[in-house]
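Right, one structure below, let's go through it.
The values are calculated or read from the model by the stated rules, or taken from the named source; none is laboratory data. In this text, all values refer to a predicted model and were calculated from it rather than measured experimentally. Methodologically, a virtual Cβ is constructed for each residue, glycine included, from the backbone with ideal geometry; neighbour enumeration extends over all protein chains shown. Side chains are part of the model used for accessible areas, which takes the heavy atoms of the whole protein and leaves out ligands, DNA and RNA. Shrake-Rupley method; radii C 1.70, N 1.55, O 1.52, S 1.80 Å.
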Amino acid sequence: MNIGVDIEEVKRFKKYVNNKKYLEHIFAKEEISYSFLKKNTAQHLAARFAAKEAVWKALSTKNKNLSITDISVKNTKEGKPQVYVKNKKYKKIDVSLSHTEKYVAAVALVF
Ligand SMILES: CC(C)(COP(=O)(O)OP(=O)(O)OC[C@H]1O[C@@H](n2cnc3c(N)ncnc32)[C@H](O)[C@@H]1OP(=O)(O)O)[C@@H](O)C(=O)NCCC(=O)NCCS
């Protein structure tokens with residue numbers, strides 16, 4: 001079993017909200033559209049970035065060539081985030097996200 005964790009400051013992502021080029025470089029289309037449906041877009045973008053880093057940490061011993069842009073999350077209809085690696089659902093990993101006004105956190109567990 002492997003675990004990964006990440007925390008991010010929301011303010012870092014506020015400046016990227018209007019930077020389409022940056023967003024499309026880092027985030028999957030679904031991550032961008034999900035975040036823009038929400039009132040606090042920067043918070044949800046930050047949470048998705050934290051998820052990528054936490055998943056990367058959890059998978060780093062297994063997959064040395066993984067880039068954080070290979071990792072994305074898509075929420076189920078119940079709201080639970082699910083991990084995709086290179087656009088394929090990665091079933092053996094779980095990720096959990098949480099946000100406050102200033103910070104977001106993500107924990108990933110590979111089993
Ligand atoms: C889902 C819930 C736990 C989120 O908690 P929260 O404190 O509002 O918000 P947090 O910032 O900690 O977490 C938000 C993240 O939870 C995750 N989440 C949402 N629904 C989820 C679910 N069904 N399963 C797992 N994770 C979920 C999402 O990743 C979300 O972030 P995202 O929208 O950026 O993807 C909460 O909204 C909820 O519905 N609780 C159950 C209802 C309940 O029992 N309420 C108590 C009434 S007294």
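Can you find even one residue in region 44-56 that is farther than 15 Å from VAL5 by Cα, in contact with a Lys or Arg (Cβ under 7 Å, 6 or more places away or on another chain) and within 15 Å of the ligand (Cβ to nearest atom)?
Looking through region 44-56, at least one residue is farther than 15 Å from VAL5 by Cα, in contact with a Lys or Arg (Cβ under 7 Å, 6 or more places away or on another chain) and within 15 Å of the ligand (Cβ to nearest atom).
Against the condition farther than 19 Å from GLU9 by Cβ and either within 16 Å of the ligand (Cβ to nearest atom) or open to solvent by 10 Å² or more (accessible area, probe 1.4 Å) (or both), how does VAL107 come out, does it pass?
When the stated conditions are applied, VAL107 does not pass them.
How many residues are touching a Ser or Thr at 6+ places or on another chain (Cβ under 9 Å) and farther than 12 Å from ALA108 by Cβ when one looks only at region 47-82?
4
What number of residues in region 65-92 are part of a strand (DSSP E or B) and within 14 Å of the ligand (Cβ to nearest atom)?
Within region 65-92, residues that are part of a strand (DSSP E or B) and within 14 Å of the ligand (Cβ to nearest atom) number 8.
Among the residues of region 8-16, is there at least one that is surrounded by 13 or more Cβ atoms within 10 Å (Cβ to Cβ) and closer than 26 Å to PHE111 by Cβ?
Yes, region 8-16 contains a residue that is surrounded by 13 or more Cβ atoms within 10 Å (Cβ to Cβ) and closer than 26 Å to PHE111 by Cβ.
Under 7 Å between Cβ atoms, at least 6 apart or on separate chains: pull out the pairs that start in region 80-94 with a residue that is without any contact (Cβ under 8 Å) to a residue 24 or more places away in the chain and end on any residue that is open to solvent by 100 Å² or more (accessible area, probe 1.4 Å).
That search, which allows pairs on different chains as well, returns GLN82/LYS89; LYS92/PHE111.
Run down LYS102, LYS38, LYS29 and say which single residue is open to solvent by 50 Å² or more (accessible area, probe 1.4 Å), touching an Asp or Glu at 6+ places or on another chain (Cβ under 7 Å) and farther than 27 Å from MET1 by Cα.
LYS102
Of the residues LYS57, LYS62, which single one is open to solvent by 70 Å² or more (accessible area, probe 1.4 Å), in contact (Cβ under 8 Å) with a residue 12 or more places away in the chain and not in a helix (DSSP H, G or I)?
Of LYS57, LYS62, the one residue that is open to solvent by 70 Å² or more (accessible area, probe 1.4 Å), in contact (Cβ under 8 Å) with a residue 12 or more places away in the chain and not in a helix (DSSP H, G or I) is LYS62.
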